[in-house]
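This report concerns only the one structure given below.
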Amino acid sequence: MKFLKPFIKNIAIAIFAFTTMTACAQSKSIKTVDGKTLSVKKLNTAIEKAMKEHKLPGLSVAIINKKQLVYHQVFGVTNSDTKEPLNKQSMFEGASLSKPIFAYFVMKMVENGTIELDKPLHEYLPHPGISPESQDDYKLITARMVLAHQTGFPNHANNQPIKLAFKPGTDFMYSGEAYQYLAAVIGIKLGVGFKEGLNKLFQEEVTQPLNMTHTTFVWDDYLESNKVFGHNIEGQPTQNKPGEGRWSGKTFNAFSSVHSEASEFSKFIIAMLKKEELSENSFDEMLKEQTQFKNDNVMKLETGQTGWGLGFAQKPTKNGTMHLHTGNNHDFQAYAMFVPEQEYGLVLFTNCGNMLPFIKEISQTLGEQF
């Protein structure tokens with residue numbers, strides 16, 4: 001009878017996947033971002049078609065209507081070699097989706113008096129890696145400038161001295177390096193460092209109140225059991241654990257190391273829509289366009305985005321202002337957006353690098369999503 005056990009297990013998995021899909025197909029319709037009614041069956045079909053066309057191995061997706069989660073589904077496999085199906089516990093790298101949820105955490109630290117939004121960060125913690133010619137200007141950098149990408153820091157310093165690209169507060173340059181400096185400021189000031197201690201504080205302040213049970217910036221046992229594999233451009237599985245030459249799993253990388261899945265991360269987007277756990281003033285600061293792109297800004301020219309708030313980019317659309325952020329760790333990509341005027345939101349996690357053409361494809365069904 002032992003030889004039957006793997007067969008029975010595979011049958012059980014298949015039945016579970018079919019039952020889950022059927023249950024979703026029988027649920028109520030959803031509203032698109034432009035207010036149209038869409039059946040879940042039609043949406044599932046469009047997603048499966050777009051995944052096949054753009055070669056996405058796996059996908060976790062959530063849609064928010066009227067500030068509530070109305071759709072959460074997973075499609076595809078955790079590993080293109082083993083063909084193990086995704087389930088609703090499957091976890092992904094969020095990559096730069098780390099930044100907006102870290103910004104939300106920072107605003108909590110502002111509200112409780114840990115740091116001030118407009119106090120120069122060097123007064124809390126001098127940065128040890130600034131080049132001599134930038135020493136004076138870097139002392140202007142504040143938490144507000146970090147969150148709105150106004151520091152002049154490069155995206156990554158790669159252990160080289162940091163020479164600022166411009167006087168802080170005068171222009172835009174996307175920078176994960178600056179986010180990590182801010183994380184160090186908070187971690188050192190509170191005496192928790194920027195590893196597990198900072199993650200524990202983040203969970204106490206953000207994920208526990210929002211019931212995001214398994215979302216984390218550092219490695220844990222749940223990820224060990226539930227993280228999917230990333231996939232390279234050829235569609236081959238790459239990795240699903242920390243390792244040499246990659247993220248160690250131990251550090252709280254404010255710019256890139258959050259791990260989650262669509263339904264959990266949607267709770268953060270719902271909190272942004274409902275304005276939960278922060279003051280009205282903090283949400284106003286987060287959603288206000290702090291940085292206005294110049295006319296020759298590449299993102300403005302290519303995507304129509306006009307600037308950045310504290311954590312999210314902004315894009316005016318016919319349906320209202322879209323607040324959005326992408327995440328790209330190459331073999332994992334993710335995306336989150338919301339339109340307050342429509343009380344609408346979308347969250348995607350993928351285990352490959354083909355997400356943007358997929359979003360363009362499903363926008364034909366869901367309305368403008370990016």
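Averaging the sequence gap over all C-alpha pairs within less than 8 Å and six or more residues apart, then dividing by the number of residues, gives the stretch 254-312 a relative contact order of 28 percent.
Dividing the mean sequence gap of close Cα pairs (under 8 Å, 6+ apart) by how many residues the chain holds gives a relative contact order of 24 percent. Normalising the Debye intensity of the chain to I(0), with uniform scatterers on Cα atoms only, and taking log10 at q = 0.07, 0.09, 0.11, 0.14 Å⁻¹ returns -0.31, -0.51, -0.76, -1.21.
Once you have a ≥ b ≥ c as the square roots of the Cα gyration tensor eigenvalues for the stretch 133-284, tell me rounded if a/c is under 1.5, and otherwise prolate or oblate according to whether a/b is larger than b/c. Judged from the Cα gyration tensor, the stretch 133-284 comes out oblate (a/c at least 1.5, b/c at or above a/b).
Computed from backbone phi, the HN-Hα couplings of the stretch 225-240 come to 8, 10, 6, 7, 8, x, 9, 7, 5, 8, x, 8, x, 10, 7, 9 Hz, rounded to whole numbers (Karplus: 6.51 cos²θ - 1.76 cosθ + 1.60, θ = phi - 60°; Gly and Pro given as x). Summing +1 for each Lys or Arg and -1 for each Asp or Glu, what net charge is found among the other residues whose Cβ lies under 13 Å from the Cβ of Glu234? In short, -1.
Quick one: grab the alpha carbon gyration tensor of the stretch 243-370, order the square roots of its eigenvalues as a ≥ b ≥ c, and give me rounded if a/c is under 1.5, else prolate or oblate depending on whether a/b is larger than b/c. It is rounded, given that a/c, with a ≥ b ≥ c, falls under 1.5. Between Leu140, Ser257, Ile162, the Cα set farthest toward the positive side of the dipole of the chain (charges on each charged residue's Cβ, about the Cα centre) is that of Ser257. Annotation: amide H-H contacts under 5 Å for Tyr71 (H modelled 1.01 Å from N, sequence separation of 5 or more, or interchain): Ile63. Charged side chains reduced to their Cβ positions (Lys and Arg at +1, Asp and Glu at -1) give the chain a dipole of some 1200 debye around its Cα centre.
Taking θ as phi - 60° and the Karplus parameters 6.51, -1.76 and 1.60, the scalar couplings of the stretch 113-122 work out to x, 5, 9, 10, 5, 10, 8, x, 5, 5 Hz in sequence order, x denoting glycine and proline. Given H placed 1.01 Å from N in the peptide plane, which residues other than close sequence neighbours of Met322 have an amide H under 5 Å from its amide H? HN-HN under 5 Å from Met322: Lys315, Thr317. Take every pair of alpha-carbon atoms less than 8 Å apart whose residues are at least six positions apart; their mean separation over the length of the stretch 90-147 yields a relative contact order of 36 percent.
Net charge in the neighbourhood of Gly129 (other residues with Cβ under 13 Å of its Cβ; Lys, Arg +1, Asp, Glu -1) is 0. Under 5 Å from the amide H of Ser260 lie the amide H atoms of Phe92, Gly94, each residue being 5 or more positions distant or on a separate chain, with H modelled from the backbone and absent for Pro and chain starts.
Three principal axis extents of the stretch 130-222 based on alpha-carbon atoms, in descending order, are 44, 23, 22 Å. Computed in the context of the full set of protein chains, the accessible area of the chain at 1.4 Å probe radius has 52% of its extent on carbon or sulfur. Along the stretch 304-313 the Karplus relation, 6.51 cos²θ - 1.76 cosθ + 1.60 evaluated at θ = phi - 60°, assigns HN-Hα couplings of x, 5, 10, x, 9, x, 9, x, 10, 7 Hz to successive residues, with x for each Gly and Pro.
Per residue, the stretch 229-320 exposes an accessible area of 45 Å² to a 1.4 Å probe, with every protein chain left in place. Taken about its Cα centre, the stretch 145-241 carries a charge dipole of roughly 320 debye when the Cβ of each Lys and Arg holds +1 and the Cβ of each Asp and Glu holds -1.
The values are calculated or read from the model by the stated rules, or taken from the named source; none is laboratory data. This structure is a prediction, so every number in the text was calculated from the model and none was measured. Heads up, the Cβs are rebuilt from the backbone with ideal geometry, glycines too, and the neighbour counts pull from every protein chain shown. Please note that ligands, DNA and RNA were not included when accessible areas were found on the heavy atoms of the full protein model with its side chains. Shrake-Rupley method; radii C 1.70, N 1.55, O 1.52, S 1.80 Å.
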